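What follows is a set of notes on a single structure, which appears directly below.
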Amino acid sequence: MTTTKRSPSIILIAGHWLGAWAWDEVLEHLQTDHSSAIAMTLPGLDADDPARATKTLDDQAEAILGVISQQGDQPVVLVAHSGANAPVSLVMDRHPELVHRVVWVDSGPVATGNVTAPDFSVELNELPLPSFDVLAQQASLEGLSAEVLERFRALAVPEPGPVLRQPVELTNEARSSIPTTLVCCSISSKQVMELVEAGHPVFAEVANLERLDSIDLPTGHWPMWSRPLDLSNAIHSAASLDN
């Protein structure tokens with residue numbers, strides 16, 4: 001008797017300043033190939049929430065777990081872009097059994113003790129999207145048109161201060177056994193592995209992953225806008241690896 005494997009639910013989680021809207025084009029393509037995919041907005045990044053600046057990484061991790069619970073008995077693939085790596089790392093640590101695979105989009109798991117912005121003043125409630133000149137010094141804007149940047153600026157929500165200052169505390173080594181795919185954009189998979197082998201602290205958790213593969217998608221740090229079709233194909237391919 002042949003057992004039919006269940007298609008996974010794909011949960012898309014964008015990085016700093018972004019909500020579910022950031023995945024609009026990718027979702028269109030994923031739904032075209034019949035993938036079961038949804039995008040979520042993390043607590044603190046909902047412009048209509050008057051208490052958003054008080055949200056923490058714990059709040060964000062709990063929200064992700066809530067969306068996972070809504071998927072019933074379907075296996076779940078988490079797709080984490082950029083700064084979504086901190087709350088997703090917490091989810092992997094707290095409930096590795098709930099995560100079928102993680103796909104990191106120009107990102108990767110963080111190590112215990114990691115703080116996104118340790119020098120961010122406690123007197124500041126939030127961090128607005130910086131000027132694009134400043135942002136370009138931190139992450140590649142390659143492939144983003146003036147129209148895309150205008151939308152980014154119009155819809156971006158300031159990042160909550162508590163999220164930026166909270167240390168990530170990890171204790172469960174089982175997180176390293178979750179199958180993982182790196183979608184490498186602004187830095188190639190070859191460069192990533194060279195940094196892993198060199199012991200670069202930013203890639204310490206990547207070195208511990210037991211089941212790792214990678215997909216190169218050369219572009220800037222926001223491939224959901226610069227190469228949405230190619231990113232959706234990469235996500236679909238990664239989500240299908242174990243089926």
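The values are calculated or read from the model by the stated rules, or taken from the named source; none is laboratory data. Everything numeric in this text was worked out from a predicted model, so none of it was measured. Note that each Cβ is placed from the backbone with ideal geometry, even for glycine, and that neighbours are counted across all protein chains shown. The area values use the complete protein model at the heavy-atom level, side chains included, leaving out ligands, DNA and RNA. Shrake-Rupley method; radii C 1.70, N 1.55, O 1.52, S 1.80 Å.
Considering the range 97-191, its Cα convex hull presents a mean projected area of 8.4 nm². Relative contact order for the chain: what is it in percent, counting Cα pairs under 8 Å that are at least 6 residues apart? Once divided by the residue count of the chain, the mean separation gives 25 percent.
A simple spin-label model places pseudo-atoms 7 Å from Cα toward Cβ; at residue 48 and residue 62 they are separated by 2.1 nm. Taking a sphere under 14 Å around the Cβ of residue 209 and counting the other residues whose Cβ falls inside, with K and R at +1 and D and E at -1, yields a net charge of -3. Provide the net charge surrounding residue 113, with neighbours chosen by a C-beta distance below 12 Å and charges set as Lys +1, Arg +1, Asp -1, Glu -1. Summing Lys/Arg as +1 and Asp/Glu as -1 gives -2. Gain on full extension, evaluated as 0.36 nm per residue between residue 7 and residue 197 minus their Cα-Cα distance, stands at 65.0 nm. Taking all protein chains together and a 1.4 Å probe, the residues 194, 150, 205, 126 rank 150, 194, 126, 205 from largest to smallest accessible area. Using a probe of 1.4 angstrom and keeping all protein chains present, the accessible surface of the chain works out to 47 square angstrom per residue. A dipole drawn for the chain from +1 and -1 charges on Cβ atoms has a positive end, and of 19, 132, 212 the residue lying farthest that way is 212. Enter the Cα centre distance for the pair the range 113-189 and the range 12-42, rounded to the nearest angstrom. Centre-to-centre (Cα) distance: 17 Å. Both the radius of gyration and Dmax for the range 34-126 are 14.0, 47 Å, in that order, over alpha-carbon atoms.
For the set 13, 38, the ranking by accessible area, highest first and with no ligand, DNA or RNA atoms included, is 38, 13 under a 1.4 Å probe. With a Förster radius of 45 Å applied to the C-beta separation of residue 174 and residue 153, the computed FRET efficiency comes to 0.65.
Look at the dipole of the range 146-234 built from charges on Cβ: of 222, 160, 202, the Cα furthest out on the positive end belongs to 160. Taking the Cα centre of the range 115-232 as origin and assigning +1 to Lys and Arg Cβ atoms and -1 to Asp and Glu Cβ atoms, the resulting dipole is close to 180 debye. Semi-axes of the equivalent ellipsoid of the chain are 25, 21, 20 Å, computed as sqrt(5λ) over the eigenvalues of the C-alpha gyration tensor in descending order.
Summing Cβ point charges (Lys, Arg +1; Asp, Glu -1) relative to the Cα centre of the chain gives a dipole of roughly 360 debye. Electrostatic tally near residue 93: other residues with Cβ closer than 14 Å to its Cβ, Lys and Arg +1, Asp and Glu -1, net -4. Charged side chains reduced to their Cβ positions (Lys and Arg at +1, Asp and Glu at -1) give the range 54-120 a dipole of some 100 debye around its Cα centre.
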